[in-house]
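Before any comments, here is the structure.
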DNA sequence: GATGAATGAGTTTTCATTCAT
DNA sequence: TATGAATGAAAACTCATTCAT
């Protein structure tokens, strides 16, 4: 398949490439079917490799899962930080930017993030360590988003109320809207995600 | 357990009782762990019976799952209809009533409904028949809720915008808030679900 | 197969019976082929049951292995204690009795004990916990045998020298002789194990 | 590693060197963990090469194993012959020399020899050809040792009794003592192997 | 020769489902 | 009805071996 000469650097590249192939295949399948309904052989098939090869890159199915969850939580954290630091942007613009990022560019990952995160926090088959890590990460993300809301409220750009609650509503709205659009089931017209923001504008 | 005299009616009652035992146990486990991670023996254990007995009441694990999903969708439909018909109630009061119902009385079931419904609609391991049924049911529920929103907007009691979108937002908020409270992770103060309604009040 | 009525007591009996079937099958196979070359399906086949059933009685192949090792170490300890307490017996008679016990009655188990114990103490794939347990148990057994030797020496019935060393030689001889006879390869005449004792009689 | 000029002879040397590296690594691992628990990649790691390279020198894992077994049996045969031919040596001295050789110089190999030989003779996963070869070789070695014992008995230097049996006892004692010392578990004082000979001296 | 990515047959293990009692 | 022993299909995971580079 590969026509490039083998050497340590090339091997590293191949490793990276294969890991990404596996993660890409896995994220879509996990998002659709959940951890235990997703078979390693499905992932392998989707990633165009033998099931055995997956174990050259990951210890177990669970490890793939964890990798994805942690990666997604990091991405989200990063997005929230970037939104907060957007120069010369109103709160409205920051939130719009956020929605656009999640919606347009990180489709599957973002969808997966929340679905999975919810499952993780209650599932009996997940280690406490992972649960704690996820809970912490979600908490951190919520704080970042809360900060954006607080600033917006001070400027009178956003609706009044506990900013932490509003941030929480907003975070879940993102998920809901994305899920709906991904699954293409409820709406066929203009994307939902832009209208969503109207709810958070101030009352008069 | 019960020692009442046996007769055909009594037998029917026992059957009903056993079915409910099984469904109650199953709904909580499915909600936490999903379909494929939930073992028949777990359900049996939680329902205080042997796993063999479950097959006297249900054909398969899938059948239990489907029973629960359909039951929950019906309950939700019923709730929406009741809310719509509440006499002398403003839209605000109807929505409040809905939230209270879901929140206070049908805890696990309601939580289960959405988590599961989402999974069902995408999962490869679910029959198309069930998917269609679920999609239809969700659509019906959304229509009922849309109607409430439309009436509320006409009376100036709710925020402007496409009532179907608003209904959709609202439905997903219910789920998100319930999940958060069930899991007891994000907030420790007053229940979220009452504040949520502020978002849907009209702008000035 | 079974024609007795089912009830909790009968179920217990069945469980005990099945465990014994599994252990009997396993001990012979482990002794012949070692832990990792013995397949669960081999054990199941030899025990006349499906491989799945084995997991109703043991958590894993390793657990079967550990059960056998610990059982055998206990049996050996018990034999040594009995030999020590034999009334009105000379040391010679005690050791003869021991050899006869191991040789005539506990064939496979005894053979297995040492082969396995040796492997366990060096193998990388055995938990430290099991290693320590085995080492302790072997040490205890050696002490019991040493006591028999010490008493024999005091009465002038056995060869002089460090009784602990002699006990160690003796213990290993038992194994060697048993292995040879079990495998039927070296000698075809009278059983070796009785002549062995001559080595431990006093010099003149 | 080595930078000598390449030529056919040099290539042969390198081949030999690589083979020895592999065999040295393998003997220790096989001795500890047995054939099936020892992984090719473990051997490769211990021999400081890639696992693929091993297949340039050996056809299969089994071939490495067989090489080692046969090599060890040859070494032992050679030792027994040398001992028999030691000029001006008493039987006691010959046996002492043997013990010293095995003990001091061929540590791992000797330990491996017996443990493995025992396994080979019973294991289902070993070819009959190898079994026969091993059985013959062990028989030959036993004959050589028997001859030493017979001569010793004629000179009155060793204990009376069937010389073949005594040779067998002695051979197994060597193994037992070596195992004990290798594993460093039973004794911490002077090496066992010298005292062992006392058992074989004549009675008075 | 040397490397390690890739394969897939072979094992362990799980668990829904059946069935004798 | 009720039980849990028993089965076996299916999935996770291992690792000897091959082969392109």
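Quick notes on this structure:
- As for the stretch C:28-36, it holds at least one residue that is within 22 Å of residue C:134 (Cα to Cα), within 13 Å of DNA strand F (Cβ to nearest atom) and in contact (Cβ under 8 Å) with a residue 60 or more places away in the chain.
- Counting residues in the stretch C:64-75 that are surrounded by fewer than 14 Cβ atoms within 10 Å (Cβ to Cβ), at pLDDT below 95 and more than 14 Å from DNA strand E (Cβ to nearest atom) gives one or more.
- Some residue of the stretch C:4-26 being in a loop (DSSP other than H, G, I, E, B) and more than 10 Å from DNA strand F (Cβ to nearest atom): yes
- Flag if residue B:21 is loosely packed, with under 12 Cβ neighbours inside 10 Å and either free of Cβ contacts under 8 Å to residues at least 12 places away in the same chain or not assigned by TED's automatic domain parsing to the domain that holds residue B:175 (or both): no
- Hey, residue A:122 surrounded by 15 or more Cβ atoms within 10 Å (Cβ to Cβ) and at pLDDT below 90 or not: yes
- Meets criteria (part of a helix (DSSP H, G or I), within 14 Å of another protein chain (Cβ to nearest Cβ) and more than 15 Å from DNA strand E (Cβ to nearest atom)) for residue D:30: yes
- Some residue of the stretch C:70-85 being more than 13 Å from the chain's Cα centre (by Cα) and not in a helix (DSSP H, G or I): no
- Taken over the stretch B:43-81, the criterion of being in contact with a helix residue (DSSP H, G or I) (Cβ under 7 Å, 6 or more places away or on another chain), within 14 Å of chain A (Cβ to nearest Cβ) and within 14 Å of DNA strand F (Cβ to nearest atom) is satisfied by B:43, B:46, B:61.
- Any chance residue A:99 is buried (at least 17 other Cβ atoms within 10 Å of the Cβ), within 22 Å of residue A:127 (Cα to Cα) and more than 11 Å from DNA strand F (Cβ to nearest atom): no
- Look at (1) more than 21 Å from the chain's Cα centre (by Cα); (2) surrounded by fewer than 17 Cβ atoms within 10 Å (Cβ to Cβ); (3) within 16 Å of DNA strand E (Cβ to nearest atom) and you find that residue A:46 fails only one, number (1).
- If you filter the stretch B:112-163 down to residues that are in a loop (DSSP other than H, G, I, E, B) and under 20 Å from the mean Cα position of the chain (by Cα), you find that the one that is farthest from the other protein chains (Cβ to nearest Cβ) is B:126.
The values are calculated or read from the model by the stated rules, or taken from the named source; none is laboratory data. None of these values were measured; they are calculated from a predicted model. Here Cβ is always computed from backbone atoms with ideal geometry, including for glycine, and neighbour counts include all displayed protein chains.
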